[in-house]
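The values are calculated or read from the model by the stated rules, or taken from the named source; none is laboratory data. What you see is a predicted model; the values in this text were computed from it and never measured. A quick note on method: Cβ atoms are made from the backbone with ideal geometry, for glycine too, and the neighbour counts reach across all protein chains shown. For accessibility, only protein heavy atoms count, side chains too; no ligands or nucleic acids. Shrake-Rupley method; radii C 1.70, N 1.55, O 1.52, S 1.80 Å.
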Amino acid sequence: MIGSDKTKTTFDSVTQFVKCLTDQGVEYIRFELPDLHGIARAKVVPVDKVESFASKGLNFYGGCFALDTASMVVPGSGYHEEQNYRDLLLIPDLDSLTPVPWMEKTAKVICDLMKSPTEPLEIAPRYILKQLLAEAAQLGFDVMMGHEFEFYLLNPETKELLFDGLHVFNNTRNNYVPEISQLINYLRASGIDVINYHCEHCPSQFEINYGASIGIRAADKAFTFKNAVKEIAYRLGQHATFMSKPFIEHAGCCCHFHISLIDRNTGNNAFIDKNNKYGLSATAHAFIQGILDRAEAMMPLVSPTPNCYRRLKPHTFAPSNISWGIEDRTAMVRVKVADEESTHIEMRAASGLSNPYLTAAATLAAGLLGIKQQRQLQPSVEGPSEDNPDLPKLPQTLEEALSGLAADVEMQKMLSPEFVRLFTTIKRFELARFHDHLTEWERQEYLEIY
């Protein structure tokens, strides 16, 4: 089947690609673009029109990456009125072909938005990550990555919880909602290699884990997973949300980002050295310290909305300070040392609603800076990191986080100054709308007494 990890096809030509579609009985294919927020924006193409569009490109609004979270056109971004609201081209990555099993005779490909069939749009998050993966390769490393998301299933009309109680891993709650089994089956049929799933600590919250992958396919898989969960839940009569903190009294939704480096010469895990401190190599030490050094600059990319910062509180299984530790669930960087093959780090500060391409890009950029600068790893602390008052705090607001990114010139160079300028413009526009909003709390607090 198209899209399965074991039968993944590499296409040498568009003609071969189209023949695969017709042989599989596909009649429609989605050209999907991961936008600035990690949301799929797509056009659906009948199979008999695919060859032309896959070769020459499919017209698509060029300012798509300069839309905010509400799809509002952001003035001053440089990509709307400044370019006469022009179209660019969707060029599909043919090897990203996967089925869409909840739709009849439909498949999809992930696309890049291009200025021409051969000229990339350099501010696209997928392009930014590919450039960083290329830099890692130049340093001698392939990158193994996996995104681990939590999400809530809610009543589609009221947006309230489907059930109550704190019953993490409870067998009844794991399948309390029958649609979960259908969701899992659809995900597996779409090429997501599900490892396990369970209910989380909070009511109506779930986690579905799947395998890590090397390079851009890891972020592609995370993008496919998140958007599939949203769409499948809708079709099954539920509402899925990866929102960071949809309920102030319940746990937030995270993206725990797992990453390790593979030596391109030996194929071995570059994070392992049993003769070194903690059993970690000097490469791992420098990579971790790079993340700690650049934590403030990373935060707007991995926690990109004002709501995200409601999640980062002590004693909530979310990090609240800039820290690392061996198997420390309260640290920003948790080192997971299971055995030689699976030793890796888990960056725990990302929100469930974060763009998987930008979470990967921010973490990789910071880690590679640590390696290039041969950073020495600071000591870990005894006990849970969140209980140590001497550790620096993570930014408490998106405004603070954006200031951290603005102050870090080296991170901006790694990510591309033009991308950072665009990203910051979009986020400050969203913040202005956020601060213009009158909350019900303000009305309740002030309207009568004053």
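Across segment 34-96, C-alpha contacts under 8 Å between residues 6 or more apart give a mean separation that, scaled by the residue count, equals a relative contact order of 35 percent. Within the P(r) computed for segment 410-450, what percentage of the Cα pairs occupies the region above 13 Å? Percent of Cα pairs beyond 13 Å in segment 410-450: 66. Centroid-to-centroid, using Cα positions, segment 321-391 and segment 7-74 are 35 Å apart.
Applying the criteria of a DSSP loop state and at most 14 other Cβ atoms within 10 Å to the GluC sites (Glu not before Pro) of segment 306-371 yields E327, E340, E341.
For segment 142-183, the set of GluC sites (Glu not before Pro) satisfying both a DSSP loop assignment and a count of at most 16 other C-beta atoms within 10 Å is given as E157, E160.
Taking a straight Cα-Cα cut-off under 18 Å and skipping sequence neighbours fewer than 8 places away in the same chain, the lysines within cross-link reach of K336 are K274, K277. For segment 2-151, the alpha-carbon radius of gyration amounts to 1.12 times the rule-of-thumb value 2.2 N^0.38 Å expected for a compact globular protein. Measuring spread by the Cα atoms of segment 251-298 yields a radius of gyration and Dmax of 13.4, 43 Å. Ellipticity at 222 nm from helices only: DSSP H runs of n ≥ 4 in the chain, each -39500 (n - 2.57), divided by the residue count, give -10000 deg cm²/dmol. The local environment of E386, defined by Cβ-Cβ distances under 15 Å, has a net charge of +1 under the rule Lys, Arg +1 and Asp, Glu -1. Projecting the alpha carbon convex hull of segment 206-245 along each direction and taking the average yields 3.3 nm². Over segment 87-171, all Cα pairs binned in 10 Å intervals from 0 give whole-percent P(r) values of 12, 23, 28, 23, 12, 1, listed from short to long.
Taking a Cβ cut-off of under 11 Å around V420, the surrounding Lys, Arg, Asp and Glu residues balance to a net charge of +1, with basic ones at +1 and acidic ones at -1.
Count Lys and Arg as plus one, Asp and Glu as minus one, and take only other residues whose Cβ is under 14 Å from that of R264; the net charge is then -3. The residues of segment 148-226 have, on average, 42 Å² of accessible surface per residue, using a 1.4 Å probe with all protein chains present. Cross-link pairs exceeding 27 Å in C-alpha to C-alpha distance, out of K115/K245; K115/K427; K130/K226; K159/K226; K56/K130; K19/K43, comprise K115/K245.
Multiply the residue separation of H437 and E249 by 0.36 nm, subtract the distance between their alpha-carbon atoms, and state the gained length in nm to one decimal.
Details: separation 188, 0.36 × 188 = 67.68 nm, distance 2.18 nm.
Result for the pair: 65.5 nm of gain on full extension.
Name the trypsin sites (Lys or Arg not before Pro) in segment 215-290 that are in a loop by DSSP and that have at most 11 other C-beta atoms within 10 Å, would you?
Values: sites: R217, K221, K226, K230, R235, R264, K274, K277; in loops: R264, K274.
Hits after loop and neighbour filter: K274.
Calculated from the structure at hand, semi-axes √(5λ) of the Cα gyration tensor in Å is found among (i) 32, 28, 25; (ii) 56, 34, 18; (iii) 38, 28, 20 as (i). Ligands, DNA and RNA left out, the 1.4 Å accessible surface of the chain is 51% carbon and sulfur atoms.
Given the convex hull over the Cα atoms of segment 332-407, what projected area results after averaging over all orientations, in nm²?
On the way: hull surface 28.4 nm².
Its Cα hull, projected and averaged over all orientations, spans 7.1 nm².
Give me the mean projected area, in nm² to one decimal, of the convex hull enclosing the Cα positions of segment 192-344. Don't jump to the answer; show the numbers that get you there.
Numbers: hull surface 41.4 nm².
Its average projected convex-hull area is 10.4 nm².
Summing Cβ point charges (Lys, Arg +1; Asp, Glu -1) relative to the Cα centre of segment 1-143 gives a dipole of roughly 260 debye.
Pairs of alpha-carbon atoms within less than 8 angstrom and 6+ residues apart define the contacts here; what relative contact order does the chain have, in percent?
Details: 893 pairs, mean separation 67.9, N = 450.
Taking the mean separation of contacting Cα pairs over the length of the chain, I get 15 percent.
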